[in-house]
Every structure is written in structure tokens, then in C-alpha cells.
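K.L.:
Handing you this structure, nothing more for now.
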């Protein structure tokens, strides 16, 4: 992979880490709650969703300074979803990125509240991006449209609904491939696509361009999820931060469990090609970055 | 109490029930999740928060049609908070309004997700109020400001933070009255105040008026919480929907437990007077309605 891409990606990740580490400072919250929220939010990770938001905004000419509060909010929402997914009543995971999961570290009540607060504060951050107090405010109507896209992608018709289906399907055991695809599209794909689309909306992109960016995000999200499932079977425990094969052991609905490794890899590659194809209309450095991001996501499985 | 007020209140409640019963229809979500969300959202209740939002918007001349999506969202947030508060890891309540609480009815995982989805969908509803697809759109900048006020009131520095403090303080047992007041202000007062302020903001009220409405909401919220605690000790089980005295039995921090019933009643009445005082600058039918609402809240304890 081109070193320029990797340097660009690291630069964006650094920018995001800096912003994330201080984005909750202005919220006057109890110290113990702050500790639990930051424990999950600042635990590292690829920062894929905010990076996509920044990149898709840049594709339509909007600089990072305008987008950072919004991008950080996407990571808050992602963090909340991991905390709640790990709860004993949900996936019951003791480990997350090699550390005790939130409820193991702070107890279940604090974990539930830390998740609730990250989700809610995310919307305050997003709204701030479009209000006159922001360092560089985005027009309010654009901000509101982008915020709504994120809310729809995270709520009952997106991530939360997908998580519900995952639970139902895992118990049912006679699920079709089409059902799994729909479930994954809601659970993971919708927020990844909304990360892209919200960046485009903040930058004032029109409906046609937003449709293309949405298609890119959905295909990238599918590729990402398949690769994630493959890595859980074949990856390095030190990178995974939990035992290899733990998802399959829990009877989770993973792509390799359904299709085998080889077909899963083919499906991921096909989704990656779809993502690149959705960008056909765009050229320049930012479009190249988004195309390279597809390679990067696929390359994780190697 | 004047029959006209009670008729007005019932009329607003009817309007809200109608809107609430269909407000999630446009969200394409799994049937089981919808059932769980509607189970809590449509379980009745006083609809105090949306009624305050409608009334404070009307005080500054904005009609109900513009405000309903936003008002309904406030009730979604209130419903989410009740579902999560009832969870085994939190207050562990089996009953809510005389029916099994959400996790008793649907299991813990579904209850967590129904709460998460109600909270998230609420922000989609709020954003919709200011976008061109709305029946009657409010200007985007006003909507964004109102949405931000609600997010701040529900998140780490408001309701979620207050719930965290409640948990910490209940375990500590050596809490000062000032700490309790601060905790209650965050846990209950902030969202009630934000329900009022968001209505005013949607209607385009200025900073001075919003400050007065905020003061009204905070005092009303305090009075409401104290009366709620008193009713839990002295009320009618059929109205409470759970055993009388159940909060005190669980060692919850209630006003009567701290101050006794008589002093609690005095404090509620004083808070009610503060609320009415905050409305001094306002006249007309809507201001009268808001003043009567204070009486109504206090009268519940009789």
C-alpha cells in the first residue's frame, strides 16, 4: 500500500485522538461517569467512522476543523454500542480490545449509564457543530440533516434494530443468508454509511452525490464486517484483544460460520469492488484516499 | 381547580396520545422491537414533558402542529429513562404503572435495546421538526438549539449524570441535602426544564425569556420530584402502580426519608411559588396555563 495513504490515515487518526481526548471536557459530569466514558472512548481503535466522515466532507471541500465535533460524536456512538453489546444480558463479553469490558471494570449499572451518556452527549456534540458557539459553524440546516441521518442509522431502523435481529436470529438458528445480510447492513453497515453521508451532507453535497457516498459506505461496511468475522477466526489474539474463535464458540452468526472462509473472502472482495465502483464519479486526492481505505479494510485479513 | 384548565390539559394530552401512537410508524424496525418500544411509550402517564414543551412554545406564539414531533421525542426520552432505570442492575423494579416493567415483559436484552432505540429515535424525531419534510418545519437553527438543550439535559451533565450520582449517593449513606438537591436537579429537573426551554427556543424566544422559562422549569421539576416522593409514601397503590413505600424500602434517597413529610410538603410548596414567580413577566392564557400547571403538580399530593 502507498506510504502516502498510510501517513494520511495516521495523520487523521492523530487529529481525532487529540479531539476525542478533550471532546467531553466541557460536559459538567460526575468524575466516576467521566472515567467510565473515557475508558471506552479512549481505548484506541481504528477510528474508522470519524475518519470516513472527515474524508467524505473533504471530498466536497469542507475542512476538518468544521467536521471534528461531528466526527467525534460518531466515535462516541460507536463506543456506546460496544459497551452495551458487551453487557451480560447481550453478548456477555468480558474483554474488549484486550482490556476488561466496561461492566467488568465498573459494574453493570455504570456501564449502562456510560453507554447512555455517550450516546446522548454525541447528539449534543453533533448539534454544536452547527451552532454559533462552534469554532467554525456549519450551516444549521446541513447539520440538522446530517444529525438526522446518524440518528436514523443508529436507532430502531439501524444499529439498535440490527442488534435486536442479531439476538433473535442467533436464537432461531434457521436463518437465511439474505436475512443475515439485512441484519448486518442494519447493525454495522448503516452507521458506517451514515458516517460517510453525514460528512457529505455537512459539506453541502447534493442528493445524487449523497446517494453515491451512501452506496460506497454500505459496501465498505459489508466488507468491513466480513473481514472482522474472518479475523475473529484466523487473526492474531494480541491484535484481536480476545481469544481467537470466541465469536463462533458463542454461536454468533458470523460470515465464516455461514459460508466458510474462502467464500467469505470472495464476498468481502466483491463488496470492496462495489465500494470502489460507487466512487467512479469522483477524482482527486480525497477520492483516492477513500478508494485506498477499501484496500486497507480488505488488507486487514492477511 | 378551574375546569377550563383541566379541559385544556386533557385536550393537550389527547393530542399527544394521538401523535405518540403513530410517531414511530415511519421507522422501519423489527416487529418485536416496536412492540417493546410501544409497550413503554404508550403505557399512559401524565405526558408532562411534552405538555410543557407545547405550552412554552405556545407562550411565544408557536402552534402545536410545529412542535408535536419535538414534544413526542421528549416523551420517548422519558420512556427510555424509565426502562433503563428499572433494569436489574439499576433500580431493579418489577412493576411500572401497574404492569410488568420492560425487562420483566420482554427480557433484559430487549429492554436495553428498546431504551437505546427510543433515545436514538427521539433525536431523529427532533431533527425532523426542523427539516423540510416536516408538516410545518421550524427554522433549522432554532431546532438545532432546542435539540442541543435536550441532549445536554438528558446526557452526562443532566439525567444520565444524575442517575449515576443517585447510585453513588444511595451506596454512600452520608449525603448532604445540598448534594441531594443537585442530584435531583440533574436527574429529573434538567429534562423538565429542557422540555420548557426547548419549546421557547423553537418559538424563537430570546435569551432573557429562555432564562425565565428555564427557572420556571427547574422549580417545577423540583416540586414535581418532591411530590412524587411523597406520593410513593402516602399515595394510592392503584394510582402508583406499585406498592406504597417501595422506594423507601429499597433505601432510595427520597425527600420524605431525608426531611420528613411535613418539611417535604413545605419545600414543594416553596418550589411551586418560585416557579410561579419566574413567570411574572408573562401574561395571557398560556402563562395562566403554565401557572395552573404548578398547582396541578402540587395538588397531586392530596
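K.L.:
Which semi-axes, in whole Å and largest first, does the equivalent ellipsoid of the protein assembly as shown have when worked out from the alpha carbon gyration tensor as the square roots of 5 times its eigenvalues? Each step should come with its number before you reach the end.
P.N.:
Values: eigenvalues 351, 145, 87 Å².
Here the semi-axes work out to 42, 27, 21 Å.
K.L.:
Name the most mobile residue of B:285, B:36, B:73, meaning the one with the largest mean-square fluctuation, in a Gaussian network model of chain B with Cα contacts below 10 Å.
P.N.:
Largest GNM mean-square fluctuation: B:285.
K.L.:
Let me ask something else. Residue by residue through B:81-90, how many Cβ atoms from other chains fall within 10 Å of the Cβ on average?
P.N.:
Working: counts 1, 0, 0, 5, 1, 0, 5, 4, 11, 4.
Across the residues of B:81-90, the mean count of other-chain Cβ atoms within 10 Å is 3.
K.L.:
Quickly estimate the mean residue ellipticity at 222 nm for the protein assembly as shown, helices only: each DSSP H run with n ≥ 4 gives -39500 (n - 2.57), and the total goes over all residues, rounded to 500.
P.N.:
Roughly -23000 deg cm²/dmol at 222 nm, from the helical runs in the protein assembly as shown.
K.L.:
Please build a GNM for chain A, connecting alpha carbons under 10 Å apart, and tell me which residue among A:173, A:187, A:99 fluctuates the most.
P.N.:
Greatest mean-square fluctuation among the candidates belongs to A:173.
K.L.:
Per Stokes-Einstein, at 10 °C and 1.306 mPa s, what whole-number D in µm² s⁻¹ belongs to the stretch A:52-178, with the Kirkwood radius over Cα pairs as the hydrodynamic radius? Intermediate results must be reported in sequence, preceding the final value.
P.N.:
Working: Rh = 16.2 Å.
Translational diffusion coefficient: 98 µm²/s.
K.L.:
Between copies, how far does the label point of residue A:35 sit from its twins, in nm, shortest first, when each point is 7 Å from Cα along Cα→Cβ?
P.N.:
Those label-point separations list as 4.2 nm.
K.L.:
With springs only between Cα atoms under 10 Å apart, run a GNM on chain B and tell me which of B:145, B:61, B:208 wobbles the most.
P.N.:
B:208
K.L.:
Residue B:178 to residue B:299: FRET efficiency via 1/(1 + (r/R0)^6), r the Cβ-Cβ distance, R0 30 Å, to the nearest 0.05? Write down the numbers at each step before the final one.
P.N.:
Numbers: r = 28 Å, r/R0 = 0.93.
After rounding to 0.05, the efficiency reads 0.60.
K.L.:
Kirkwood Rh over Cα pairs of chain B into Stokes-Einstein at 37 °C, 0.692 mPa s: D in µm²/s?
P.N.:
On the way: Rh = 19.4 Å.
The estimated diffusion coefficient comes to 169 µm²/s.
K.L.:
Hey, for residue A:136 with labels 7 Å out along Cα-Cβ, what do the inter-copy distances come to in nm, ordered shortest first?
P.N.:
For residue A:136, the other copies' label points sit at 3.8 nm, shortest first.
K.L.:
Would you mind listing the distances between the residue A:243 label point and the same position in each other copy? Use 7 Å along Cα-to-C-beta, nm, one decimal, shortest first.
P.N.:
Nearest first, the other copies' label points are 4.2 nm away.
K.L.:
What is the calculated FRET efficiency for residue A:135 to residue A:31, with r their C-beta to C-beta distance and R₀ = 22 Å, to the nearest 0.05? Intermediate values should be presented prior to the final figure.
P.N.:
Numbers: r = 27 Å, r/R0 = 1.21.
So the FRET efficiency works out to roughly 0.25.
No value in this document is a laboratory result; all are computed from the given coordinates. No experiment lies behind these values; they were computed from the predicted model shown. Glycine gets a Cβ as well: all are built from the backbone with ideal geometry, and neighbour counts include every protein chain shown.
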